[in-house]
Amino acid sequence: MNAGVSAPPSGVVDLRVELAGVELEHPVLNGSGTFDAVAALRTFGDEVRERFPFSAFVSKTITVAPRGGNRPPRLWETPSGLINSIGLPNKGLTGFLEHDLPVLATLPVPLIVSVAGFSHDEFATLVQAVAGRSEVAALELNVSCPNVESGCIVGSEAGEMGALMRRVRPLTAKPLIVKLTPNVSEIRPVARAAEDGGADALSLINTLRAAAVDPVSGAPWLGAGSGGLSGPAVRPVALALTAEVAAATELPLVGMGGIQEGRHALDFIAQGASCVAVGTESFRDPMTGKRVRDELARELQCRSLRGVQDARLTSRAARSTS
Ligand SMILES: Cc1cc2nc3c(=O)[nH]c(=O)nc-3n(C[C@H](O)[C@H](O)[C@H](O)COP(=O)(O)O)c2cc1C
């Protein structure tokens, strides 16, 4: 472990983890687009820095050009989830580098910038510009967007995934985390293509394709026609896909999808994740990440496990004997 992340007193659960070479104090990150650290820092300043709930911050996905996002309505609540069709509103690459990056750089944790291109050239532009900034510890490639050249969602097809990695991997030595989409018939070939192409870690899952109908008119509720489902409803799907990907690759995984408490985080770790991310639940309580971390520590302690790695090894052993 790096000297920057100090060890807990002996007897206390050691939550420190390493994600693609980045040392983290604990395994709980945020899901991209679900915690507006820029707004929080501008409004609450030092209070946010002192009580920051995550061990690393993953930015909202940025694109080359600024985007206003999709037509409203953009949200629909389901009995145990949320459908969003936000549509990646963001200031664009230049706006992010000039306005948001200097603010995010004041956070007390490593910064992971999420990028999405609508072509391989756009991905390359984003990776080169963002990775060149010393404030950035790692990049997350959001591959849930269509490539306008092929018409394919990059993360839905192993060939597309491999081609993207061949284009962007040579551009930086910084860790590249590929965020997988669950909207595929087979996730393993895509995960392997990312690994073969030089990804340093995988995160999963992004939202599940979903729609809602206006109860009065019968027309699609969401301005964009459809959106993506997140929250507790997707957790079982995310757990299944995490186990599949863990069995198919050697890469460290960031598991997410409906995490609300420490026990859920432990479930993802048991399925093979090294880290977890809290998304939708942070809209209910922005401090969920800290609560999940504390509850996870207690869950580990109750089981006499010393840390996350211990939990993963114990679960792997249990799987192989079941
Ligand atoms: C309102 C909203 C905005 C999101 N924006 C992004 C985004 O910009 N980039 C991305 O990769 N994922 C985005 N996500 C997906 C989340 O990061 C996460 O993968 C997903 O919601 C599953 O986790 P959860 O069930 O804990 O929310 C968004 C999710 C929501 C609910």
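The values are calculated or read from the model by the stated rules, or taken from the named source; none is laboratory data. Every value quoted in this text rests on a predicted model; they were computed, and no experiment measured them. All Cβ positions, even for glycine, are placed from backbone atoms using ideal geometry, and neighbour counts span all protein chains on display. Areas reflect the complete protein model, heavy atoms only, side chains present, ligands, DNA and RNA absent. Shrake-Rupley method; radii C 1.70, N 1.55, O 1.52, S 1.80 Å.
Exactly one condition in (1) touching a helix residue (DSSP H, G or I) at 6+ places or on another chain (Cβ under 7 Å); (2) hydrophobic (A, V, I, L, M, F, W, C); (3) open to solvent by 30 Å² or more (accessible area, probe 1.4 Å); (4) within 13 Å of the ligand (Cβ to nearest atom) is false for Ile86; which is it?
The single condition Ile86 does not satisfy is (1).
Answer yes or no: is there a residue in segment 121-141 that is among the hydroxyl-bearing types (Ser, Thr, Tyr), open to solvent by 10 Å² or more (accessible area, probe 1.4 Å) and touching a Leu at 6+ places or on another chain (Cβ under 8 Å).
yes
Which residues, taken from segment 276-322, are of a type in the set (D, E, K, R), within 21 Å of Leu229 (Cα to Cα) and either touching a Pro at 6+ places or on another chain (Cβ under 6 Å) or open to solvent by less than 70 Å² (accessible area, probe 1.4 Å) (or both)? Don't jump to the end; show me each part of the working.
First pass over segment 276-322, keeping only residues of a type in the set (D, E, K, R): 281, 284-285, 290-291, 293-295, 298-299, 303, 306, 310, 312, 316, 319.
Applying the additional criterion that residues be within 21 Å of Leu229 (Cα to Cα) yields 281, 284-285.
Once the filter is applied, which keeps residues that are of a type in the set (D, E, K, R), within 21 Å of Leu229 (Cα to Cα) and either touching a Pro at 6+ places or on another chain (Cβ under 6 Å) or open to solvent by less than 70 Å² (accessible area, probe 1.4 Å) (or both), segment 276-322 yields Glu281, Asp285.
Considering every residue within segment 32-44, establish whether at least one is within 21 Å of Arg291 (Cα to Cα) and without any contact (Cβ under 8 Å) to a residue 24 or more places away in the chain. Can you show your working first?
To start, the set of residues in segment 32-44 that are within 21 Å of Arg291 (Cα to Cα) comprises 32-37, 40-41, 44.
Next, from what is left, pick out any that are without any contact (Cβ under 8 Å) to a residue 24 or more places away in the chain: 44.
Yes.
Every residue in segment 190-217 that is over 19 Å from the mean Cα position of the chain (by Cα) and either open to solvent by 50 Å² or more (accessible area, probe 1.4 Å) or of a type in the set (Ser, Thr, Tyr) (or both), please.
Asp196, Ala211, Val213, Pro215, Val216, Ser217
Report, by residue number, each residue of segment 228-255 that is closer than 17 Å to Asn206 by Cα, of a type in the set (A, V, I, L, M) and open to solvent by 20 Å² or more (accessible area, probe 1.4 Å).
Let us first name the residues in segment 228-255 that are closer than 17 Å to Asn206 by Cα, namely 228-246, 252-255.
Pick out the ones that are also of a type in the set (A, V, I, L, M) and you get 229, 233-234, 237-241, 243, 245-246, 253-254.
Hits for segment 228-255 are Leu229, Ala233, Val237, Leu239, Ala240, Leu241, Ala243, Ala246.
Considering segment 140-165 alone, what residues qualify as being of a type in the set (A, V, I, L, M), closer than 15 Å to Pro189 by Cα and not in a helix (DSSP H, G or I)? Before the answer, list the steps.
Here is the first cut: in segment 140-165, the residues of a type in the set (A, V, I, L, M) are 141, 143, 148, 153-154, 158, 161, 163-165.
Checking which are closer than 15 Å to Pro189 by Cα leaves us with 143, 153-154, 158, 161, 163-165.
Within segment 140-165, Val143, Ile153 meet the criteria.
Could you list, ordered by first residue, the pairs with Cβ atoms under 6 Å in which the first is in segment 136-151 and within 18 Å of Ser85 (Cβ to Cβ) and of a type in the set (Gly, Ala, Ser) and the second is modelled with pLDDT of 80 or more and part of a loop (DSSP other than H, G, I, E, B), at least 6 apart or interchain?
Correct list of pairs: Ser144/Thr181; Ser144/Asn206.
What's the total number of residues in segment 119-140 that are among the polar types (S, T, N, Q) and touching a strand residue (DSSP E or B) at 6+ places or on another chain (Cβ under 8 Å)?
Taking segment 119-140 first, the residues among the polar types (S, T, N, Q) are 119, 125, 128, 134.
Filter once more, so that each one left must be touching a strand residue (DSSP E or B) at 6+ places or on another chain (Cβ under 8 Å): none.
Final tally of qualifying residues: 0.
Is segment 104-120 home to any residue that is on the phi > 0 side of the Ramachandran plot and open to solvent by less than 60 Å² (accessible area, probe 1.4 Å)?
Restricting attention to segment 104-120, the residues satisfying the condition of being on the phi > 0 side of the Ramachandran plot are none.
No, segment 104-120 contains no residue that is on the phi > 0 side of the Ramachandran plot and open to solvent by less than 60 Å² (accessible area, probe 1.4 Å).
Inspect segment 124-131 for any residue being touching an Asp or Glu at 6+ places or on another chain (Cβ under 9 Å), closer than 25 Å to Arg169 by Cα and within 15 Å of the ligand (Cβ to nearest atom) and give the result as yes or no.
The first filter runs over segment 124-131 and keeps only residues touching an Asp or Glu at 6+ places or on another chain (Cβ under 9 Å), leaving none.
So far as segment 124-131 goes, no, none of its residues is touching an Asp or Glu at 6+ places or on another chain (Cβ under 9 Å), closer than 25 Å to Arg169 by Cα and within 15 Å of the ligand (Cβ to nearest atom).
Looking only at segment 99-119, which residues are farther than 18 Å from Pro175 by Cα, in contact with a Leu (Cβ under 7 Å, 6 or more places away or on another chain) and away from the ligand (no atom under 16 Å from the Cβ)?
Matches in segment 99-119: Val103, Thr106.
If you go through segment 10-29 one residue at a time, do you hit one that is over 25 Å from Arg263 (Cα atoms), among the small types (Gly, Ala, Ser) and touching a Pro at 6+ places or on another chain (Cβ under 8 Å)?
First pass over segment 10-29, keeping only residues over 25 Å from Arg263 (Cα atoms): 21.
Now drop any that are not among the small types (Gly, Ala, Ser), which leaves 21.
After this cut, where a residue has to be touching a Pro at 6+ places or on another chain (Cβ under 8 Å) as well, the list is 21.
Among the residues of segment 10-29, at least one is over 25 Å from Arg263 (Cα atoms), among the small types (Gly, Ala, Ser) and touching a Pro at 6+ places or on another chain (Cβ under 8 Å), which makes the answer yes.
I'd like to check something: does segment 151-172 contain any residue that is at pLDDT 95 or above, away from the ligand (no atom under 15 Å from the Cβ), buried (at least 18 other Cβ atoms within 10 Å of the Cβ) and of a type in the set (Lys, Arg)?
No, there is no match, as no residue in segment 151-172 is at pLDDT 95 or above, away from the ligand (no atom under 15 Å from the Cβ), buried (at least 18 other Cβ atoms within 10 Å of the Cβ) and of a type in the set (Lys, Arg).
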